[in-house]
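Structure, as structure tokens:
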Amino acid sequence: MTRTKNNPKVAVIMGSDSDFSVLKDCIKLLKQFEVEVEAMVCSAHRTPDKAAEFAKSAEENGFGVIIAGAGKAAHLPGVLAAFTPLPVIGVPIKSSTMDGLDSLLSIVQMPSGIPVATVAIDGADNAALLAVQILSIGNAELREKMKEYKKKLAKKVEDKNEALQQKIKEL
């Protein structure tokens, strides 16, 4: 899929390179949908000017959605959202401290006027799917891919149910 104004790219920003282990599946899933994705490490605390500059220029640089993963204080999604009109999806990363609850609360408790969509702790797959759904508003091809993806999910559940019913019959 060639990127045009109707199918902008997605930025996947991580607060640390250690977050890549969670966010790599997000990147893979976006690529499966043929969504152009760019990823980078950018810290809300250690490189705040870089974070602000990225967010301020994201729209003009062809991004349509920003996915930001962060652990512990997890301010990165909110900082990016403060500087851009684009939708920001926060991925709380499970850390050794509080099993990621601290990250979840930091991301979900945004002040009025600075929304950040938030997925589950380590919920990078859902962040990718939400980004695809957002982008599909203006892109029929992407919308059809999402419909097919959901059909495949439903088929997996039906297949599991059939296998379960067989096991029950064998009891």
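Quick test for you: out of 145, 160, pick the one residue that is on the phi < 0 side of the Ramachandran plot, charged (D, E, K, R) and loosely packed, with under 12 Cβ neighbours inside 10 Å.
Working: 145 fails: loosely packed, with under 12 Cβ neighbours inside 10 Å.
Sole residue among the options that is on the phi < 0 side of the Ramachandran plot, charged (D, E, K, R) and loosely packed, with under 12 Cβ neighbours inside 10 Å: 160.
A quick yes/no check of all residues on (1) in contact with a strand residue (DSSP E or B) (Cβ under 7 Å, 6 or more places away or on another chain); (2) within 25 Å of residue 13 (Cβ to Cβ):
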{"residue": "98", "(1), (2)": "no, yes"}
{"residue": "108", "(1), (2)": "yes, yes"}
{"residue": "118", "(1), (2)": "yes, yes"}
{"residue": "140", "(1), (2)": "no, no"}
{"residue": "148", "(1), (2)": "no, no"}
{"residue": "156", "(1), (2)": "no, no"}
{"residue": "160", "(1), (2)": "no, no"}
{"residue": "165", "(1), (2)": "no, no"}
{"residue": "170", "(1), (2)": "no, no"}
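Can you tell me how many residues in region 37-72 are small (Gly, Ala, Ser) and surrounded by fewer than 15 Cβ atoms within 10 Å (Cβ to Cβ)? Don't jump to the end; show me each part of the working.
First pass over region 37-72, keeping only residues small (Gly, Ala, Ser): 39, 43-44, 51-52, 55, 57-58, 62, 64, 68-71.
Checking the rest, the ones that are also surrounded by fewer than 15 Cβ atoms within 10 Å (Cβ to Cβ) come to 57.
The total comes to 1.
So residue 89 clears everything in (1) at pLDDT below 95; (2) touching a Leu at 6+ places or on another chain (Cβ under 8 Å) except one condition, right? Which one?
Among (1) at pLDDT below 95; (2) touching a Leu at 6+ places or on another chain (Cβ under 8 Å), residue 89 violates only (1).
For region 95-137, give me the residue count where each residue is among the hydrophobic types (A, V, I, L, M, F, W, C), surrounded by fewer than 17 Cβ atoms within 10 Å (Cβ to Cβ) and at negative phi. Full working, then the answer.
We begin by selecting, within region 95-137, every residue among the hydrophobic types (A, V, I, L, M, F, W, C); these are 98, 101, 104-105, 107-108, 110, 114, 116-117, 119-121, 124, 127-132, 134-135, 137.
From what is left, the residues that are surrounded by fewer than 17 Cβ atoms within 10 Å (Cβ to Cβ) are 98, 101, 105, 108, 114, 120, 137.
Of the ones still in play, those that are also at negative phi are 101, 105, 108, 114, 120, 137.
Counting residues in region 95-137 that are among the hydrophobic types (A, V, I, L, M, F, W, C), surrounded by fewer than 17 Cβ atoms within 10 Å (Cβ to Cβ) and at negative phi gives 6.
Suppose we keep only residues that are of a type in the set (D, E, K, R) and surrounded by 14 or more Cβ atoms within 10 Å (Cβ to Cβ) within region 7-23. Which one would you say is farthest from residue 55 (Cα to Cα)? Break it down into steps so the answer makes sense when it comes.
Applying the first criterion (of a type in the set (D, E, K, R)) to region 7-23 yields 9, 17, 19.
Right, trim to surrounded by 14 or more Cβ atoms within 10 Å (Cβ to Cβ) and you get 9, 19.
On the way: 9: 14, 19: 19 Å.
Restricting to residues being of a type in the set (D, E, K, R) and surrounded by 14 or more Cβ atoms within 10 Å (Cβ to Cβ), the top hit is 19.
Here is a list of conditions, (1) without any contact (Cβ under 8 Å) to a residue 60 or more places away in the chain; (2) in a helix (DSSP H, G or I); (3) crowded, with 17+ Cβ neighbours inside 10 Å, and residue 151 meets all of them except one; can you say which number that is?
Unmet condition: (3).
The values are calculated or read from the model by the stated rules, or taken from the named source; none is laboratory data. Source: prediction; values computed, not measured. So basically every Cβ, Gly included, is an ideal-geometry build from the backbone, and we count neighbours across all protein chains shown.
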